[in-house]
Structure formats: structure tokens, C-alpha cells
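The values are calculated or read from the model by the stated rules, or taken from the named source; none is laboratory data. Just so you know, these numbers come straight off a predicted model, no measurement behind them. So basically every Cβ, Gly included, is an ideal-geometry build from the backbone, and we count neighbours across all protein chains shown.
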């Protein structure tokens, strides 16, 4: 259970950052939209863990839990390196004043390349508020949820191969909703320097979980 909680926290810290950013920009995330975001994570992890469990059945020459640990180590190392590079380039800054939008028609979701839009939202979560309404609608929450579920999908395969149970999905979903809410409530109260260092935590936690599954 302790390992599952660590995994859930590691996979939900991005949601905490999104909650902080949205809180500072006064972008609301209704509870229904949070539910859709959590369901995106549930779907991504469910599919990836089922695939991981299927792989276990076919692995004979190499212990599955070692492969799962290797995936978690690789993903954690990737996230850690990415966070270190970003920290060296520039600090994370979020304007504390909500932007003033010009009157314009919102750009429909279907007119954009979905994959490219997901990548943009991963880099700048505020882009998920496509209609610039100051709130995340159900359609926009699906976009944001897909962006946040990318790491969960990769981690789900490693978690399944490492022997974690399907209950991890539920823990991650509720933790992500809690982190989104907590981030909104703490907006403007968390020092910027602390947020820059917090970007290292997901990678570090995944590496520690991976190491723990080896021994």
C-alpha cells in the first residue's frame, strides 16, 4: 500500500502544478471536470496495466518484475532529467493576475490536431481553457485529462510488470483529484523556489519505487 501511495503522489504532482497555475489565473475546475480528468487517468492506467499483465503471461526468459522496475527507473530518470534541464533554463513563473481576454469566438476543438494540442497543453496547461471562459468545461477537461494521463499510461505498464495490483488505479485517480483541488487552494501561497524544486519529486519517487521493486 505504501508503494502504491508513493506512485499515486508521483503521478499526481503534475495535477498539483496545474491546480496552482489555474488558481493564480482564476481558472475554475468544477468537480465534474475533475471527475472527467480522473477518469482519463483511470482509462489510461487501466489499459496500460492490462497490457502489462498480458506481457507477464508471455515473459519466460526474464523476470517480469525486473522489467517493470526498469520501466519505472527509465521513466523516473527521464522526468528527473527533464525537470533539471527546465530548472537550469528558467524558473517556473505564473502570473498572479488573471489575463484579460479580447472578445473573440472560441476556436472549436475539432479544428485542431488533437495530438499536437495535447502536447501544447502538457507544456502550458492554461491552453486547455480554449473558450477563455475562466473555467474548464467537460470537453476541455477531457483534453486536460488526456495530457495529464500520458505519464500514468507509461507508469501503468511498469507498475503491472512490477507486480502492483489494479487498486493502484483508484488510488491514483482520487489522489489526482485531491492534488488539483489542493493546488487551487494553495495558489499564490507556495514559494516559487519551492515549486521549482518540487518538479524533481515525480522523477525521484519513480526511481525509488523502481529500485524498491528490484530488491
Test for residue 103: is it surrounded by 14 or more Cβ atoms within 10 Å (Cβ to Cβ) and at pLDDT below 80: no
Hey, residue 184 touching a strand residue (DSSP E or B) at 6+ places or on another chain (Cβ under 9 Å), touching a residue at least 40 places away in the same chain (Cβ under 8 Å), crowded, with 16+ Cβ neighbours inside 10 Å and assigned to a helix (DSSP H, G or I) or not: yes
Filter result for residue 56 (surrounded by 14 or more Cβ atoms within 10 Å (Cβ to Cβ), part of a helix (DSSP H, G or I), within 17 Å of the chain's Cα centre (by Cα) and at pLDDT 65 or above): no
Condition met for residue 79 (surrounded by 14 or more Cβ atoms within 10 Å (Cβ to Cβ), modelled with pLDDT under 75 and either assigned to a helix (DSSP H, G or I) or touching a helix residue (DSSP H, G or I) at 6+ places or on another chain (Cβ under 9 Å) (or both)): no
Close pairs (9 angstrom Cβ cut-off, 6 or more residues apart or separate chains): at positive phi in the range 152-172, assigned to a helix (DSSP H, G or I) anywhere: 163/56; 163/64; 163/65; 163/68; 163/213
